[in-house]
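Undergrad: Sharing a structure here in structure tokens format.
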Amino acid sequence: MPAPVWALTTGEAGAAGQAEGLAAAVGRPFEVKTVRLRRPWCWLPAHRQAPGLLQTGLTESLGPPWPELLITCGRRSASVSVTVRRASGGRCFTVHIQNPRIPLHHFDLVVPPRHDGVTGPNVLATRVALHRLTPEKLAAAGDAWRSRLGDLNVAVVLGGRSRSHRFTPETLGALADGLAGLEGSVAVTASRRTEPGVLAELKARLPNAWFWDGTGCNPYLAMLALARHIVVTEDSVSMTSEAVSTGKPVYAARMAGGNRRLARFQAALREEGVLRPFDGRLAEWRYEPVDETPRVAAELLRRMETRNLQAGQLQGE
């Protein structure tokens, strides 16, 4: 028998993390599936697919029995969700995370970020991105790294070059100057997008800071768990979302560039007293940890139950 829940994406790390995080929060056995669309299916709109997508249009073919719940995330996986829903005769409940950019009636539930401005009766907008972090995972990571990270004052989480953001000598210098003036221990971890030159410059400017050397397990979760303050570069919705799930003071470090979607995301969190810009000064403030994953899981289960009850009543008639 298949798992009752599939978390399906086309392999992007951010999308996979959101789909798997929601699947885990649902509390039922789930299976992670990674597929990629072949040509010509990858060229077609998600809701206007040619026949044969599930059999020959994917790198991993899909077929019945279908899951009770299909969770997808990312634009490229939307076509799979639409096709599976049709193939199951509508019995598979489909949830798509992010804006699918096709008519919303093709899904049972759409979960976009609120800064996309998507609305509708089957839309549940979120303040932050969904993720796999839980208090239990953070506590376990903190325990495992406590002896190495010690009494950590500031955790620095670096992103890097993207289509909309980049480090410049000015923004990197401002970050280094701000961190150099802080008291207490500082630990820095980088993402796959962080350029080697950025790390080299920060290491030269921050000789007393601790840097993850890229070997072994990334202490990212442990740093979030142990630090009193968290500095995150402003290029990533996912990293910021995970940081604010701790309820600790979180600061956005400026990068060059930007886009309107990310600007709206950051501005909303600042207005709510969750996020502050990093200017080299630390402050103490508190807010309710922002974690949308449990709320979305509870709502989708409620909607699934309502739909099943309605289907049972119709069959009874």
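Undergrad: Do you know which residues across the range 135-152 are crowded, with 17+ Cβ neighbours inside 10 Å, touching a Pro at 6+ places or on another chain (Cβ under 9 Å) and not aromatic (Phe, Trp, Tyr)?
TA: Within the range 135-152, the subset crowded, with 17+ Cβ neighbours inside 10 Å is 138, 141-142, 145, 149, 152.
Retained after the next criterion (residues that are touching a Pro at 6+ places or on another chain (Cβ under 9 Å)): 141, 145, 149.
Those that are crowded, with 17+ Cβ neighbours inside 10 Å, touching a Pro at 6+ places or on another chain (Cβ under 9 Å) and not aromatic (Phe, Trp, Tyr): Ala141, Leu149.
Undergrad: Next question. Would you be able to tell me the number of residues in the range 18-41 that are modelled with pLDDT of 95 or more, of a type outside the set (A, V, I, L, M) and part of a helix (DSSP H, G or I)?
TA: 3
Undergrad: Name the residues in the range 52-67 that are surrounded by fewer than 17 Cβ atoms within 10 Å (Cβ to Cβ) and in contact (Cβ under 8 Å) with a residue 40 or more places away in the chain, would you? Steps first, please.
TA: Initially, the range 52-67 is screened for residues surrounded by fewer than 17 Cβ atoms within 10 Å (Cβ to Cβ), giving 52, 55-56, 59-61, 63-65.
Pro65 - this is the single residue of the range 52-67 that is surrounded by fewer than 17 Cβ atoms within 10 Å (Cβ to Cβ) and in contact (Cβ under 8 Å) with a residue 40 or more places away in the chain.
Undergrad: Here is a check on your reading of the model: is Pro112 within 21 Å of Ala298 (Cα to Cα) and buried (at least 16 other Cβ atoms within 10 Å of the Cβ)? First the steps, then the outcome.
TA: Details: within 21 Å of Ala298 (Cα to Cα): yes; buried (at least 16 other Cβ atoms within 10 Å of the Cβ): yes.
Spelling it out, Pro112 is indeed within 21 Å of Ala298 (Cα to Cα) and buried (at least 16 other Cβ atoms within 10 Å of the Cβ).
Undergrad: Between Ala209, Ala243, which is crowded, with 19+ Cβ neighbours inside 10 Å and either within 22 Å of the chain's Cα centre (by Cα) or in contact (Cβ under 8 Å) with a residue 24 or more places away in the chain (or both)?
TA: Working: Ala209 fails: crowded, with 19+ Cβ neighbours inside 10 Å.
Criteria check complete, one pass: Ala243.
Undergrad: Of (1) modelled with pLDDT under 95; (2) closer than 29 Å to Asp177 by Cβ, Leu309 satisfies all except one. Which?
TA: Status for Leu309: all satisfied but (2).
Undergrad: Could you list, in sequence order, all residues of the range 91-118 that are in a loop (DSSP other than H, G, I, E, B), out of contact with any helix residue (DSSP H, G or I) (no Cβ under 9 Å at 6 or more places or on another chain) and farther than 16 Å from Ala19 by Cα? Reasoning before the result, please.
TA: Taking the range 91-118 as the starting set, the residues that turn out to be in a loop (DSSP other than H, G, I, E, B) are 91-92, 98-103, 107-108, 112, 117-118.
Right, trim to out of contact with any helix residue (DSSP H, G or I) (no Cβ under 9 Å at 6 or more places or on another chain) and you get 103, 112.
Pro103 - this is the single residue of the range 91-118 that is in a loop (DSSP other than H, G, I, E, B), out of contact with any helix residue (DSSP H, G or I) (no Cβ under 9 Å at 6 or more places or on another chain) and farther than 16 Å from Ala19 by Cα.
Undergrad: One residue is enough: does the range 171-192 have a residue meeting the conditions within 23 Å of Asp279 (Cβ to Cβ) and of a type in the set (D, E, K, R)?
TA: Yes, that holds for at least one residue.
Undergrad: Which one of these does Leu44 not meet: (1) out of contact with any Cys (no Cβ under 6 Å at 6 or more places or on another chain); (2) modelled with pLDDT of 95 or more?
TA: Single failed check for Leu44: (2).
Undergrad: Answer yes or no as to whether Ala268 is assigned to a helix (DSSP H, G or I) and touching a Gly at 6+ places or on another chain (Cβ under 8 Å).
TA: Details: assigned to a helix (DSSP H, G or I): yes; touching a Gly at 6+ places or on another chain (Cβ under 8 Å): no.
Criteria not met by Ala268.
The values are calculated or read from the model by the stated rules, or taken from the named source; none is laboratory data. Just so it is clear, the structure is predicted and the values come from calculations on it, not from any experiment. Ideal geometry is used to build each Cβ from the backbone, glycine not excepted, and the neighbour counts take in all protein chains shown.
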